[in-house]
Amino acid sequence: MTSTMNGSVISSEQPAREFNLLGIYNRAPMTFVRGSGAYLFDGSGKAYLDFASGIAVNALGYGDEGIRGAMEQAIGSGLIHVSNLYRTEPAERLAHALVENSFAAAVFFCNSGAEANEGAFKFARKWARSIGSNRKTGIVALRGGFHGRLFASLAATDRPSYRAPFEPLAGGVAICERTLADLDVALDGETVAALIVEPVQGEGGVRVLDAAFLRSLREITAERRIALIFDEIQCGLGRLGTFLACESFGIVPDMVTLAKPLAGGLPMGAVLVSREIGDAMAPGDHGTTFGGGPFIASVAEHVVERLSNPGLLASIRTDGIWFGEQLHSMAQRSGRVRAVRGMGYMWGIDVIEKASDVVERGWDAGLLVITAGDHTLRLLPPLIMRRADLERGLGLLEQALTS
């Protein structure tokens with residue numbers, strides 16, 4: 001046992017650095033020290049092909065020269081932070097790029113996906129009150145959705161085990177079954193301000209919502225003057241083969257929330273809003289200290305330029321179809337897979353054992369995959385990954401499934 005400076009005692013068997021991190025993650029045993037392309041390397045030099053992308057964050061992989069150059073150029077300006085009391089060119093250029101590539105008329109920048117969803121809820125309520133009454137405040141989310149772990153976003157997240165320790169959560173938020181019959185009742189135009197939807201439910205098992213179902217939701221919400229929010233924090237920014245996920249389903253929502261890959265691994269979230277909702281907001285209605293700072297916005301501008309490239313998006317669509325076909329073939333060969341779901345570079349595999357066991361065997365084989373539930377593997381390769389590495393990863397995955 002070892003005493004610390006404040007008199008507390010820690011086990012000499014527990015590394016002090018790990019002990020000092022709050023114990024809210026079950027971390028893998030290896031320690032990564034560098035990355036290159038689609039690979040991470042641990043302290044022993046072992047390579048791991050990354051089918052997780054830092055949970056859909058590292059869309060451009062590791063050691064990307066473009067991101068490095070954007071960072072160096074941003075540092076050269078001497079501007080890391082000036083606050084949102086002043087204008088900066090990187091934030092304005094980034095907002096323009098996002099508007100030019102989407103339905104949106106305006107953008108709000110923040111620091112994370114959960115913050116983006118919390119902001120979208122506020123924007124929806126302010127707008128809804130401006131067109132209705134003070135009763136029009138409700139937020140409706142769908143069964144299986146995940147929207148974050150802050151008080152309002154957690155209230156919209158369908159994870160009882162995540163919610164229970166922190167109740168009471170924010171009020172006025174309800175979770176509804178994914179059926180038109182249930183939603184027709186829940187979406188009361190007099191009392192509901194917004195419906196939030198993940199078009200592909202990532203944490204909920206990589207469940208691709210039916211396009212016809214989403215179109216019906218768009219019709220209902222438009223008719224009843226309810227804001228439709230697409231949570232694209234995990235599935236947006238190129239992962240489905242379109243810049244925004246809503247494009248893949250032929251839907252124009254009122255707001256889209258983004259984060260994960262937006263700034264290449266630096267913390268950034270965004271809310272894209274329609275002109276009508278943007279016009280309802282006034283100075284002082286919301287705020288952020290760090291959101292849209294010049295350093296992060298400069299890097300995000302480079303990432304957005306890359307992820308909106310038509311050639312990259314076309315390759316994701318084409319290779320994503322091929323990847324799905326290979327997964328279905330693997331499922332038939334192995335006899336270890338119950339179902340395969342997904343599109344683009346976002347796939348879920350239901351396995352007949354604990355998904356965490358397959359994840360651990362993947363580490364041994366040199367493959368990183370993550371879970372989306374007790375029996376679902378989630379595959380989120382970097383968007384720059386081409387077929388040679390995809391094929392190698394499929395071989396390692398089949399080895400982990402069948403060993």
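List Asp285, Asp50, Asp231 from most exposed to least, where exposure is judged by having the fewest other Cβ atoms within 10 Å. Please report the intermediate quantities before stating the final value.
On the way: Asp285 11, Asp50 25, Asp231 33.
Ranking Asp285, Asp50, Asp231 by Cβ neighbours within 10 Å, fewest first, gives Asp285, Asp50, Asp231.
Among Tyr86, Tyr48, the ranking by other beta carbons within 10 Å of each residue's beta carbon, starting with the fewest, stands as Tyr86, Tyr48. Across segment 66-307, the mean sequence separation of Cα contacts (distance under 8 Å, 6 or more residues apart), normalised by length, yields a relative contact order of 31 percent.
The label-point distance for Ser130 and Glu305, in a model that sets each label 7 Å from Cα toward Cβ, rounds to 3.3 nm. Placing unit charges on each Cβ (+1 for Lys and Arg, -1 for Asp and Glu) gives the chain a dipole about its Cα centre, and among Val256, Ala120, Ala95 the Cα reaching farthest toward its positive end belongs to Ala120. The modelled label-to-label distance between Ala282 and Ala174, using points 7 Å beyond Cα along the C-beta direction, is 3.0 nm. Placing unit charges on the Cβ atoms only, positive for Lys and Arg and negative for Asp and Glu, gives segment 201-296 a dipole magnitude near 160 debye about its Cα centre. Here Trp322, Trp347 are placed in order of increasing Cβ neighbour count within 10 Å, fewest first, which gives Trp322, Trp347. Under a Gaussian network description of the chain, with springs only between Cα atoms under 10 Å, the residue in Gly132, Gly265, Gly145 that fluctuates furthest is Gly132. When DSSP beta bridges are restricted to pairs lying wholly in segment 66-307, around 40% turn out antiparallel. Net charge dipole, the chain: roughly 160 debye, given to the nearest 20, about the Cα centre with Cβ charges of +1 for Lys and Arg and -1 for Asp and Glu. With unit charges on the beta carbons (Lys and Arg positive, Asp and Glu negative) and the dipole taken about the Cα centre of the chain, which residue among Ala282, Ala194, Phe166 sits farthest to the positive side? Checked the options; the winner is Phe166. If both residues of a DSSP beta bridge must be in segment 111-233, then about 15% of such bridges are antiparallel.
Please compute the length gained on full extension between Ala105 and His81, using 0.36 nm multiplied by the number of residues separating them and subtracting their Cα-Cα distance.
Additional length available on full extension: 6.1 nm.
Compactness of segment 90-232 was expressed as the Cα radius of gyration divided by 2.2 N^0.38 Å, which yields 1.04.
What order, most packed first, do the peptides 294-306, 113-125, 182-194 have when packing is the mean number of other Cβ atoms within 10 Å of each residue?
Working: 294-306: 22.9, 113-125: 25.7, 182-194: 17.8.
By packing density, highest mean first, the sequence is 113-125, 294-306, 182-194.
Global size of segment 178-232: 11.2, 33 Å for Rg and Dmax (C-alpha atoms, Rg to one decimal, Dmax whole).
Net charge dipole, segment 38-164: roughly 1020 debye, given to the nearest 20, about the Cα centre with Cβ charges of +1 for Lys and Arg and -1 for Asp and Glu.
Go ahead and run the numbers for FRET between Glu190 and Asp210, Cβ-Cβ distance against an R0 of 30 Å, rounding to 0.05.
Values: r = 28 Å, r/R0 = 0.92.
Computed FRET efficiency for Glu190 and Asp210 comes out at 0.60.
Each peptide in 159-167, 330-338 was scored by the mean count of other Cβ atoms within 10 Å over its residues; highest first, the order is 330-338, 159-167. Between Ala47 and Ile24, the simple spin-label model (points 7 angstrom out along Cα→Cβ) gives 3.6 nm.
Coordinate-derived values only; no laboratory data. Nothing here was measured: the structure is a model prediction, and the numbers come from that model. Please note: Cβ atoms are built from the backbone with ideal geometry, for glycine as well, and neighbour counts cover all protein chains shown.
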